[in-house]
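K.L.:
Pasting in a structure now, in structure tokens, and then I'll have a few things to ask.
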């Protein structure tokens, strides 16, 4: 590889990283908006939103009873792991709010999440999202 090609390849990686980072920020902003909307609409007044744990991870919604992970149906498996971890660390029950855009189109992810939640006693709520997944 010549010296002239290396900077272009590196610059391409920088551009890709920047684009991925920007997409992540917009997704996080949309999710944060959705988490706040859900916390208000569910009547979980007094719940803590984005509660930071000792290891710098964040529980999306922390109530007196539940540590709740809010995530898109495409991330159902990740939501299960996070909810179980947050429940263990906070000494609460595990909960997931699964965000969907269309229950009919996302039935496979919903079914998969329901199956594992039933097995491991995780409380599951299905919420039609008012923001897009990006």
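K.L.:
Can you tell me the order of 60-70, 101-111, 120-130 when each peptide is scored by its average per-residue count of other Cβ atoms within 10 angstrom, highest first?
P.N.:
Ranking, from highest mean packing down: 60-70, 120-130, 101-111.
K.L.:
If you don't mind, there's one more thing I want to ask. At a 10 angstrom cut-off on C-beta neighbours, averaged per residue, how do the peptides 72-79, 88-95 rank from highest to lowest?
P.N.:
Order by mean packing, descending: 72-79, 88-95.
Bear in mind that the values in this text are calculations on the coordinates, not laboratory data. Keep in mind that this is a model prediction, so the values were computed, not measured. Here the Cβ is made from the backbone with ideal geometry for all residues, glycine too, and neighbour counts use every protein chain on show.
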